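Quick note: the coordinates plus some simple rules give every number you see, no bench work behind them. Remember, predicted model here, so these are calculated numbers, not experimental data. Neighbour counts are summed over all protein chains in view; Cβ atoms, including those assigned to glycine, are modelled from backbone coordinates with ideal geometry.
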Amino acid sequence: METPAPALFLLGASHHTAPLAVREKLSLDAARVTALAERLRQVSGVREFALLNTCNRVEIYGVAAETGVLTGLRRALGDITGCTPEEIDAVCRQQHNHEAIAHLFEVAAGLDSQIVGEAEILGQVKDAYAAAQEHRWTGPVLNRVFQKTFQAAKHIRSSTAIGQGQISVASVAVDLAGKIFGDLAPTRVLVVGAGDIGLKTVQAFQSRGAGSITVASRTLAKAEEAAAVAGGWAASMAELPEVLATADIVASSTSSPGLIITRDLTTTAMKHRPGRPLFLIDLALPRDIEPTAATLPNVYLYNLDDLARIAEDNLAHRQAEVAKCRAILAERTAALWPQIAPYLSAGSNGRDPV
């Protein structure tokens, strides 16, 4: 049941509510972000909004002036992503006012992440807010909420041990490879994608002593830049069949909307490496590696959800900090809400609350 408008709201799905296959459908590329934003602007009663789109969540934060707004937002999200109304209803959560603020605080602080305490999410929230500001989607309410969110997340990082011993998807992937192979020095590593996650994956493999690292990317210059970090080699995507056939470990993290490593490509690669296993780690969403590749003999495939389950064993020491962090954030939420509430009832007046 929707809360009476006007209200600050959250509508979205994450790894908590949606399986990987549905998160894949919900994932927004640049064109979809633009299309969804245009639809949101057309929904009567939406005063402000911001879109948070990561590999593990798609969330809309906004200010609504009408009680029926979220129905229109659900329809827009389904239309843009191709999800059915039943899929949207099954995975989307909605929260309002005080609860929406509390949720955003926890997201930015890393408490709601698939890998608890990871630091990347704060930068992603900042990027989402910067984009919303640039396009003038936000107003007095969301401006204050996001500013206070960044302050709260910074306080959590500096005053608790939630981020102790930095853990990221890239580092968990490399730890997994280390557990499987032991010494990584004699292994041949292929990293596909030279973006932020790809670069972190290269750095993580280098820190664990991997002796041979190749980076493949659509942009050869970016591949060369990432490979130089580890004294490795660069390859174009046209060379992918060749380098895949010689690799022992492949970690893929491109932003491609389609598959990069198909079952057929993997089948061909395995013909050139009889008896040698191939470990594939898919760090992308939408996924880079065709799931059925895992059915091939001697091919082992791990995806984001697999890595999150493995990471749970490494995060026990952080769990004691979670309750402490939530108590701090609850205090900050309680302090912020009275500042925001009057502006929801009075309507946007073009000035930030003070």
**OP:** Output the DSSP H helices from the chain with an along-axis C-alpha extent of no less than 24 Å and a mean Kyte-Doolittle hydropathy no less than 0.5.
**Re:** none
Original post:
Which of Thr138, Thr84, Thr246 comes first, and how do the rest follow, when ranked by fewest Cβ neighbours within 10 Å?
Top reply: Thr84, Thr246, Thr138
**OP:** Hey, can you grab everything whose amide H is under 5 Å from the amide H of Ala119? Only 5+ residues off in sequence or another chain; H modelled, so Pro and N-termini drop out.
**Re:** Ile167
**OP:** Go through (1) 35, 22, 18; (2) 33, 26, 17; (3) 40, 22, 17 and flag the label whose value is the computed semi-axes √(5λ) of the Cα gyration tensor in Å for this structure.
**Re:** (3)
Subject >> Distance-filtered residues of segment 113-140 - backbone nitrogen under 16 Å, label point 7 angstrom along Gln339 Cα→Cβ >> reply: 139-140
Original post:
Given the Cα-Cα distance of Glu99 and Asp305 and 0.36 nm per residue of separation, how much length would full extension add, in nm?
Top reply: 71.5 nm
Original post:
Cross-link partners among lysines for Lys324, C-alpha distance below 16 Å, same-chain residues fewer than 8 apart left out?
Top reply: Lys154
Original post:
Between Thr262 and Ala228, what FRET efficiency follows from the Cβ-Cβ distance if R0 is 41 Å, with the result rounded to 0.05?
Top reply: 0.90
Subject >> Cα coordinate range in segment 169-312, projected on the principal axes (Å, largest first) >> reply: 35, 34, 29
**OP:** Calculate, in nm to one decimal, what Gln147 and Glu38 gain on full extension: separation in residues at 0.36 nm each, minus their alpha carbon distance.
**Re:** 36.8 nm
Original post:
Semi-axes, largest first, in whole Å: what does sqrt of 5 times each Cα gyration tensor eigenvalue give for segment 34-79?
Top reply: 17, 11, 10
